[in-house]
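This report concerns only the one structure given below.
The values are calculated or read from the model by the stated rules, or taken from the named source; none is laboratory data. None of the values given here were measured: they were computed from a predicted structure. A quick note on method: Cβ atoms are made from the backbone with ideal geometry, for glycine too, and the neighbour counts reach across all protein chains shown. Accessible surface is based on the protein model in full, side chains and every heavy atom, while ligands, DNA and RNA are left aside. Shrake-Rupley method; radii C 1.70, N 1.55, O 1.52, S 1.80 Å.
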Amino acid sequence: MTGGTGRLPAAVARASGARIGTGTAVTGLRWTSGEWRVATASGALTADALVLALPAHAAAPLLAGLAPEAAEALGGIRHADTAVVALAFPPETEAALPPGNGFLVPSAEGRTIKAATLLSRKWSFPAGGPACGTARCTGPPCGQASR
C-alpha cells in the first residue's frame with residue numbers, strides 16, 4: 001500500500017488535531033486539575049485526552065493508581081508473542097492459493113506459520129491500491145519455536 005499501514009493513525013491525528021507521541025516510554029500517568037500529566041523518559045507532557053496503545057501488561061502499572069480494577073484486569077491478560085509478515089505477490093498467483101480468505105494451521109502440524117489472511121480477497125482496495133495480491137501471515141517471533 002502506498003504510504004503503508006501508518007496512514008490510518010496519521011489521518012485520524014490530522015482530522016482530530018491530536019498530537020501523537022512515539023519513540024519514548026511513558027513512565028507514569030496522573031490526572032490533575034482537569035488534564036493528564038504524562039511522565040516520559042524524555043520529560044513531562046500534558047494532555048486533555050489519552051489513548052494508550054500498548055500491550056495490557058504494560059498498561060496495567062500505568063493505570064494502577066488511577067483505575068486499580070482496570071489495572072488488575074489488564075495485568076491478568078495473557079499474551080502470545082507474534083510475528084506478523086505482510087506479503088505481496090503477482091495477481092496471477094491468486095489461482096494457486098487455497099479457496100477462501102485465509103487459513104489457520106493447527107499446532108499439531110509443527111509449522112512456524114500459524115495463520116494467513118488473504119487480504120486481497122477479504123477486503124477490496126480503493127483505487128490506487130496495490131495491483132497485486134496481498135497476504136498477512138502470523139507466527140512466533142524470530143528465534144522462538146512454534147507452540
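Results, tabulated for the structure shown:
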item: Karplus (6.51, -1.76, 1.60) ³J(HN,Hα), θ = phi - 60°, over region 34-48, in Hz, Gly and Pro reported as x; result: x, 8, 8, 10, 10, 8, 10, 4, 10, x, 9, 10, 10, 8, 8
item: Simple label model, 7 Å out from Cα along Cβ direction - Ala18 to Leu104, nm; result: 3.1 nm
item: Coil-residue trypsin sites (Lys or Arg not before Pro) of region 1-53, DSSP, other Cβ within 10 Å capped at 12; result: Arg19
item: Computed lengthening from Leu54 to Trp123, 0.36 nm per intervening residue step minus Cα-Cα distance; result: 22.2 nm
item: Accessible area in square angstrom per residue, the chain, 1.4 angstrom probe; result: 71 Å²
item: Dipole of the chain, positive direction: furthest Cα of Thr5, Ala60, Gly23, with charges on the beta-carbon; result: Thr5
item: The chain, accessible surface, carbon-and-sulfur percent (1.4 angstrom probe); result: 59 percent
item: Solvent exposure, largest accessible area first (probe 1.4 Å, DNA, RNA and ligands not counted), of Asp81, Asp48; result: Asp48, Asp81
item: Heavy-atom SASA rank of Trp123, Trp36 (probe 1.4 Å, accessible area, largest first); result: Trp123, Trp36
item: In Å², nearest 10: area of Ser42 left accessible to a 1.4 Å probe; result: 100 Å²
item: Charge dipole (debye, nearest 20) of region 1-119; +1 at Cβ of Lys and Arg, -1 at Cβ of Asp and Glu; result: 260 debye
item: Alpha carbon convex hull of the chain, projected area averaged over orientations, nm²; result: 12.6 nm²
item: Sequence-distant residues sharing a close amide H with Thr40 (under 5 Å, placed H); result: Thr27, Leu45
item: For region 1-46, alpha-carbon Rg and Dmax in angstrom; result: 13.7, 43
item: Sequence-distant residues sharing a close amide H with Lys114 (under 5 Å, placed H); result: Thr138, Gly139
